[in-house]
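This report refers to the structure that appears directly beneath it.
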Amino acid sequence: MPDLVIGRRDSGDDDWHWYPVPTGDRPDGKGPRRPRAGLLLAAIGAILTGVGVLLLVLSTDNDSSSGSQPSPTALPASGGPATPRATTAATLASSATPISGSSSPAAPGDVRLFIWSRQQKQWLGSDLAKDDPGYREGDAVPFMIRIDNAVASVLYEVEISYWCHTSDGAAFDYLSNPSAEDSASQTTPPGPGRREDASIPIPDDSAISFDASGRRFKAWGGSFQQAPDGPSPDTPCQTDKRFSLSLMAQGGSMFLIWGGHLASKSDWGENQGASSQRSAIYMEVSVAQSSPQKLGVGPDAIAP
């Protein structure tokens, strides 16, 4: 008798009839058994899929090494719209914050240059030219830069240019600080009205042996960031010379005061001092990219 049989009995019979169970439907105790042919086909399909993926990777590497360009219809890896590079740069620029201590060439503030009149005891915004001399050869004429609306923590680059020599003789042969005779210049409006916040030595001119020691630039509402550069050129007086300074503003109004030494005939020879000039001699300044300003001392304002 087969291992598995099925018993049946018709409704009109008293006897049972036994039939063998087909072997293809034989249970194994754990569910229906998978045919071996199906498993073999699945394994072959997996192998073919792996081979196809490998060939695709090798083909992509070959395209990259040969310098081929991606398809113009390809989408970004993120699947979202691509952002133009220029737009990204503009966005970064608009969100950037100013760096402390950076220069401000576009808007340095309201810059004005003044000269001190010893006779009138006041600051002037025009050339000093009087019939009665107020200064003598060997004196230092006070000059002042006033910067209103200076931006705090911004570095201001200042350049001072002075006429050192003309065809008539020496003019401002070096820079100095105002003498005690002109001490009222610091306390007289539109001057600072108080003691300076910072001062720094004025570098020596190697071409001049008689420039006095202890000469200093003085500042209010700011501080010097490094030693002044100059005087340049480092040669004997022929035309003009220059100094460059860096001032860090505290905010509000900032001042810089110095003196232009009037050349003396005792140093340069007879008829070679500042009083021998036949026209005004000038001091010129510029701050950042503001327009240069200059003021002068007329020959009639200088006594021998």
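Quick notes on this structure:
- Total residues in the range 157-170 satisfying the condition of being within 19 Å of ALA301 (Cα to Cα), open to solvent by less than 40 Å² (accessible area, probe 1.4 Å) and in a strand (DSSP E or B): the figure is 4.
- Boolean, ARG242 is farther than 16 Å from ALA288 by Cβ and modelled with pLDDT of 95 or more: no
- Hits in the range 120-147 - residues which are charged (D, E, K, R) and surrounded by 14 or more Cβ atoms within 10 Å (Cβ to Cβ): ASP127, LYS130, ARG136, GLU137, ASP139, ARG146
- Exclusive hit being modelled with pLDDT of 95 or more and surrounded by fewer than 17 Cβ atoms within 10 Å (Cβ to Cβ), set GLN293, GLN289: GLN293
- Residue in the range 228-238 that is touching a residue at least 40 places away in the same chain (Cβ under 8 Å) and either within 22 Å of THR188 (Cβ to Cβ) or among the basic types (Lys, Arg) (or both) present: no
- Residue count for the range 93-137 under the criterion of being at pLDDT 85 or above, more than 33 Å from the chain's Cα centre (by Cα) and charged (D, E, K, R): the result is 5.
Yes or no, residue by residue, for (1) farther than 16 Å from ARG118 by Cβ; (2) more than 28 Å from the chain's Cα centre (by Cα):
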| site | (1), (2) |
| --- | --- |
| ASP139 | no, yes |
| ILE145 | yes, no |
| GLU159 | yes, no |
| CYS164 | yes, yes |
| SER167 | yes, yes |
| LEU175 | yes, yes |
| PRO178 | no, yes |
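- Which numbered condition SER244 fails, given (1) of a type in the set (S, T, N, Q); (2) under 22 Å from TYR282 (Cβ atoms); (3) over 26 Å from the mean Cα position of the chain (by Cα): (3)
- Answer residue from the range 171-211, given it is of a type in the set (A, V, I, L, M) and surrounded by 13 or more Cβ atoms within 10 Å (Cβ to Cβ) and is farthest from TYR282 (Cα to Cα) among those: ALA198
- Failed criterion for SER266 (all others in (1) farther than 21 Å from SER161 by Cβ; (2) assigned to a loop (DSSP other than H, G, I, E, B) hold): (2)
- For the range 241-248, the count of residues that are outside any strand (DSSP E or B) and either in contact (Cβ under 8 Å) with a residue 40 or more places away in the chain or surrounded by 13 or more Cβ atoms within 10 Å (Cβ to Cβ) (or both) is zero.
- Which numbered condition GLN186 fails, given (1) in contact with a helix residue (DSSP H, G or I) (Cβ under 8 Å, 6 or more places away or on another chain); (2) within 17 Å of TRP116 (Cβ to Cβ): (1)
- Within the range 212-240, the set of residues being open to solvent by 40 Å² or more (accessible area, probe 1.4 Å) and among the charged types (D, E, K, R) comprises ARG216, LYS218, ASP229, ASP234, ASP240.
- Filter pass, LEU256 being assigned to a strand (DSSP E or B), closer than 18 Å to ALA150 by Cβ, under 39 Å from the mean Cα position of the chain (by Cα) and of a type in the set (A, V, I, L, M): yes
The values are calculated or read from the model by the stated rules, or taken from the named source; none is laboratory data. None of the values given here were measured: they were computed from a predicted structure. Virtual Cβ from ideal backbone geometry, glycine too; neighbours counted across all protein chains shown. Heads up: the accessible areas ignore ligands, DNA and RNA and are worked out on the full protein's heavy atoms, side chains in. Shrake-Rupley method; radii C 1.70, N 1.55, O 1.52, S 1.80 Å.
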